[in-house]
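Novice: Got a structure for you, written out below as structure tokens; questions coming shortly.
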């Protein structure tokens, strides 16, 4: 418990530093939310409240912005986040089959995370790696030129890493 | 110190996902170990455009291009080429159709027909080193402008060059600059729109990754011309590498005194700030982008007032796309006449296209305006793989439309594409073959725009949803002939009544597929058949008796036991049981099972 408290304090200190840095700058909300999500992994209500106080922006506006943009999330992320590109090039080259296969193996649908929070599955907008279609990213790593048969092996690799 | 050889390793997103970072590190390690570090220099560059064959690399001075290079190949390349002066044949480019092997990058068809202006430095320089940009006349255009030209002269050069906005709208760039200059106001801004959201388009990403300084330099020139001292680059957060390189480029330019105060010993000052998007397609629309930089939900505003009159924080704002800007230093240095010499009467210069989908050489190309679609697809793109037939090319992404096979000889220009019911768009070009269902493709784009509609105006928010529902009905076999008329009526209504470009163009994929492929829609609603076999609920999977080799592999893989027949017997699929998962099609080695 003690450790989680110190972790909590550490994150809060980081966030406060970000807030100081952007204080008084016009249009600071979105950059601050990006930084906050880097620190916390997601943007729970408490964090939004803190940002609203820190920047002097109404909480309703903060919430409005968070829910408007797809990259901001209010739910915690999984350890390994699998994002399948659903851009046109990937779509016509069979991204749907990758999703079916991964979804089947992990029992997940788009937007869900597994109970143990190890895997999350989401659709992502075109990441511009169309030359390697179909592609997916696990965390920040891009995997390209895939077919459904390779999915088992790929998942296995991440099942064994933390 | 001079090096006798250079190894250029592509570090664009696609090649990085093929482990080009590791390949580069291996080269550096092995060259050091062999004591060749002094003679051979390894440079990481931006995108060559040849993404289909990534990771790619070029060895200079020979100009040898190697494709799909793996870490294991590094030793052999050093041994054979660097030390032995021979090429490693198995890694050279091999034409997928003719099997012909080409050694030098300049001899490969993919590169031969290209004219690289916006992409002039991509694949040639290390984007993380400002000195390499300067060595190729980087920042010379800014220096020239500050020393020799008045702002009006700069604007005139652009007007004469005929450059039009490359982000999709095609508005004359010089005119836009002039309008912003003439707008009254002390404070003005320059914005670079790098919120490239069209699925299948990656031109801007490649320019930012391969040549970020060209964009920064052009923004400073724009600042001088319109009277602004601050600029913003609004870039998608999803483009991690581009963001990284831009950050480095801005700080290097500041260190060298090429951004900031007193540029080139004049009174002119200009600085640039980076702003990240947060995953909203609508922010590519200029007024929505401005609202987003201001820290709000990225909802568009009605025009007029145009950004040139009242943009960011109500000030006159010039907003240009990445590719448009990347052309500008080259235009200043080489002259308006030079640039206008490329292209056609009404569409001057070149255009970068990202070609993807069912095409041999996916990647990034820059071609003169007026080239035909056929040349792009067959001469540069290498044609359609697996012996399939070209069906359509989609340009302009979710805002554009498709071009069918009988228009393959269309000349690629702003106006000809509009006439054909499509648009230039930002340059995404997705090729579809006869295994793609056009109704399904239209549905795919509608899902996209419906999801990305910001919700501010009703025609777009509700209209796209209704259109999508109709398309879902049609692809699931519940459509009627009346639905087709309803789609057309709704589509035209949404186009006319929506507030911004997103809504005004959202029905285009449906309307253009209806224009050229209405028979496919009719097959879906009247005959309840999907001719391409894509829409699962409308397709039927069958085994061709003459081709069945009676092995039984299909029956074993079928998850619902829908395939009857013991070994040594021609198999048959029970259509009532079949769930059309397609696993048997993949399993059959003899291609005897067809949709």
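The values are calculated or read from the model by the stated rules, or taken from the named source; none is laboratory data. Computed from a prediction, not measured in an experiment: that's the story for all the values here. Don't worry about glycine lacking a Cβ; one is built from the backbone with ideal geometry, like all the others, and counts go over all protein chains shown.
Novice: Scan (1) at positive phi; (2) surrounded by 15 or more Cβ atoms within 10 Å (Cβ to Cβ) for the single condition residue B:99 breaks and write down its number.
Specialist: That leaves (2) as the condition not met.
Novice: Inspect all residues belonging to the stretch B:22-35 and state whether any of them is surrounded by fewer than 17 Cβ atoms within 10 Å (Cβ to Cβ), within 14 Å of chain A (Cβ to nearest Cβ) and in contact with a helix residue (DSSP H, G or I) (Cβ under 7 Å, 6 or more places away or on another chain).
Specialist: yes
Novice: With respect to residue B:555, is the statement that it is buried (at least 19 other Cβ atoms within 10 Å of the Cβ), in a loop (DSSP other than H, G, I, E, B), touching a helix residue (DSSP H, G or I) at 6+ places or on another chain (Cβ under 9 Å) and not assigned by TED's automatic domain parsing to the domain that holds residue B:456 true? Reasoning before the result, please.
Specialist: Details: buried (at least 19 other Cβ atoms within 10 Å of the Cβ): yes; in a loop (DSSP other than H, G, I, E, B): no; touching a helix residue (DSSP H, G or I) at 6+ places or on another chain (Cβ under 9 Å): yes; not assigned by TED's automatic domain parsing to the domain that holds residue B:456: yes.
When the stated conditions are applied, residue B:555 does not pass them.
Novice: Hey, could you check the stretch A:137-147 for residues that are over 18 Å from residue B:55 (Cβ atoms) and more than 10 Å from every other protein chain (Cβ to nearest Cβ) and say which is modelled with the highest pLDDT?
Specialist: Ranking the candidates gives A:138 first.
Novice: Any idea how many residues of the stretch B:571-586 are modelled with pLDDT under 85 and touching a helix residue (DSSP H, G or I) at 6+ places or on another chain (Cβ under 6 Å)?
Specialist: Qualifying residue count for the region: 2.
Novice: All but one of (1) out of contact with any strand residue (DSSP E or B) (no Cβ under 9 Å at 6 or more places or on another chain); (2) farther than 21 Å from residue B:181 by Cα hold for residue B:102; state the number of the condition that does not hold.
Specialist: Failed condition: (1).
Novice: Out of all the residues in the stretch B:230-257, which are assigned to a loop (DSSP other than H, G, I, E, B) and surrounded by 23 or more Cβ atoms within 10 Å (Cβ to Cβ)?
Specialist: Of the residues in the stretch B:230-257, the ones assigned to a loop (DSSP other than H, G, I, E, B) are B:236-239, B:256-257.
Of everything in the stretch B:230-257, those that are assigned to a loop (DSSP other than H, G, I, E, B) and surrounded by 23 or more Cβ atoms within 10 Å (Cβ to Cβ) turn out to be B:236, B:238, B:239.
Novice: Would a scan of the stretch B:315-335 turn up a residue that is more than 22 Å from residue B:397 (Cβ to Cβ), in a helix (DSSP H, G or I) and within 14 Å of another protein chain (Cβ to nearest Cβ)?
Specialist: Of the residues in the stretch B:315-335, the ones more than 22 Å from residue B:397 (Cβ to Cβ) are B:315-318, B:328-335.
Now drop any that are not in a helix (DSSP H, G or I), which leaves B:328-334.
From what's left, within 14 Å of another protein chain (Cβ to nearest Cβ): none.
Checking the stretch B:315-335: not a single residue is more than 22 Å from residue B:397 (Cβ to Cβ), in a helix (DSSP H, G or I) and within 14 Å of another protein chain (Cβ to nearest Cβ).
Novice: Answer yes if at least one residue in the stretch B:259-274 is part of a loop (DSSP other than H, G, I, E, B) and surrounded by 23 or more Cβ atoms within 10 Å (Cβ to Cβ), and no otherwise.
Specialist: As a first pass, look at the stretch B:259-274 and keep what is part of a loop (DSSP other than H, G, I, E, B): B:259, B:261-262, B:266-269.
Checking which are surrounded by 23 or more Cβ atoms within 10 Å (Cβ to Cβ) leaves us with B:259.
Taking every residue of the stretch B:259-274 in turn, at least one turns out to be part of a loop (DSSP other than H, G, I, E, B) and surrounded by 23 or more Cβ atoms within 10 Å (Cβ to Cβ).
Novice: Right, something else. Would you confirm whether or not the stretch A:114-125 contains a residue that is assigned to a helix (DSSP H, G or I), within 14 Å of chain B (Cβ to nearest Cβ) and under 30 Å from residue B:446 (Cβ atoms)? If you could, list the steps in order and put the result at the bottom.
Specialist: Keep residues of the stretch A:114-125 that are assigned to a helix (DSSP H, G or I), which gives none.
No, because not a single residue in the stretch A:114-125 is assigned to a helix (DSSP H, G or I), within 14 Å of chain B (Cβ to nearest Cβ) and under 30 Å from residue B:446 (Cβ atoms).
Novice: Provide a single number: the residues in the stretch B:5-31 that are without any contact (Cβ under 8 Å) to a residue 40 or more places away in the chain and over 21 Å from residue B:210 (Cα atoms).
Specialist: Summing the residues that are without any contact (Cβ under 8 Å) to a residue 40 or more places away in the chain and over 21 Å from residue B:210 (Cα atoms) in the stretch B:5-31 gives 1.
Novice: So, in the stretch B:279-289, of the ones that are in contact with a helix residue (DSSP H, G or I) (Cβ under 6 Å, 6 or more places away or on another chain) and at the interface with chain A (Cβ under 10 Å from one of its Cβ atoms), which residue ends up nearest to residue B:497 (Cα to Cα)?
Specialist: Across the stretch B:279-289, the extreme among qualifying residues is B:282.
Novice: Filter the strands (runs of 3 or more DSSP E) completely within the stretch B:356-421 down to those with at least 1 residues that are surrounded by fewer than 24 Cβ atoms within 10 Å (Cβ to Cβ), in contact (Cβ under 8 Å) with a residue 12 or more places away in the chain and within 14 Å of chain A (Cβ to nearest Cβ).
Specialist: Values: elements: B:363-368, B:390-395, B:401-404.
Filter on the stretch B:356-421 gives B:390-395.
Novice: Please go through (1) touching a strand residue (DSSP E or B) at 6+ places or on another chain (Cβ under 7 Å); (2) over 30 Å from residue A:39 (Cβ atoms); (3) at pLDDT 90 or above for residue A:120 and return the number of the only condition it doesn't satisfy.
Specialist: Result: residue A:120 passes all but (2).
Novice: Would you list the helices (runs of 4 or more DSSP H) that sit entirely within the stretch A:1-113 and hold 3 or more residues that are under 15 Å from residue B:279 (Cβ atoms) and within 14 Å of chain B (Cβ to nearest Cβ)?
Specialist: Working: elements: A:2-22, A:29-40, A:45-55, A:59-68, A:88-92, A:95-106.
Once the helices (runs of 4 or more DSSP H) in the stretch A:1-113 are filtered for at least 3 residues that are under 15 Å from residue B:279 (Cβ atoms) and within 14 Å of chain B (Cβ to nearest Cβ), what remains is A:29-40, A:59-68.
Novice: State which residue is nearest to the other protein chains (Cβ to nearest Cβ) when the search covers only the stretch B:290-300 and only residues that are in a loop (DSSP other than H, G, I, E, B) and touching a residue at least 60 places away in the same chain (Cβ under 8 Å). First the steps, then the outcome.
Specialist: Initial filter on the stretch B:290-300 (in a loop (DSSP other than H, G, I, E, B)): B:294-300.
Pick out the ones that are also touching a residue at least 60 places away in the same chain (Cβ under 8 Å) and you get B:297-300.
Working: B:297: 4, B:298: 7, B:299: 8, B:300: 13 Å.
It comes out as B:297.
Novice: Of all residues in the stretch B:437-479 being outside any helix (DSSP H, G or I) and in contact with a helix residue (DSSP H, G or I) (Cβ under 6 Å, 6 or more places away or on another chain), which is farthest from the other protein chains (Cβ to nearest Cβ)? Can you show your working first?
Specialist: Taking the stretch B:437-479 and keeping what is outside any helix (DSSP H, G or I), we get B:437, B:453-457, B:476-479.
Still in the running and in contact with a helix residue (DSSP H, G or I) (Cβ under 6 Å, 6 or more places away or on another chain): B:453-455, B:476-477, B:479.
Values: B:453: 12, B:454: 8, B:455: 9, B:476: 16, B:477: 19, B:479: 21 Å.
Selected residue: B:479.
Novice: Out of the residues in the stretch B:1-21 meeting the condition of being closer than 19 Å to residue B:104 by Cα and either surrounded by fewer than 19 Cβ atoms within 10 Å (Cβ to Cβ) or more than 19 Å from the chain's Cα centre (by Cα) (or both), tell me which one is farthest from the other protein chains (Cβ to nearest Cβ).
Specialist: Out of the qualifying residues, it is B:4.
Novice: With respect to residue B:465, determine if the residue is surrounded by fewer than 22 Cβ atoms within 10 Å (Cβ to Cβ) and closer than 24 Å to residue A:86 by Cα.
Specialist: On the way: surrounded by fewer than 22 Cβ atoms within 10 Å (Cβ to Cβ): yes; closer than 24 Å to residue A:86 by Cα: yes.
Considered against the rule, which asks whether it is surrounded by fewer than 22 Cβ atoms within 10 Å (Cβ to Cβ) and closer than 24 Å to residue A:86 by Cα, residue B:465 comes out as yes.
Novice: Name the residues in the stretch B:35-80 that are assigned to a helix (DSSP H, G or I) and either within 22 Å of residue A:128 (Cβ to Cβ) or in contact with a strand residue (DSSP E or B) (Cβ under 9 Å, 6 or more places away or on another chain) (or both), would you?
Specialist: Just the residues of the stretch B:35-80 that are assigned to a helix (DSSP H, G or I), to begin with: B:51-53, B:71-80.
Passing the criteria: B:51, B:52, B:53, B:73, B:77, B:78.
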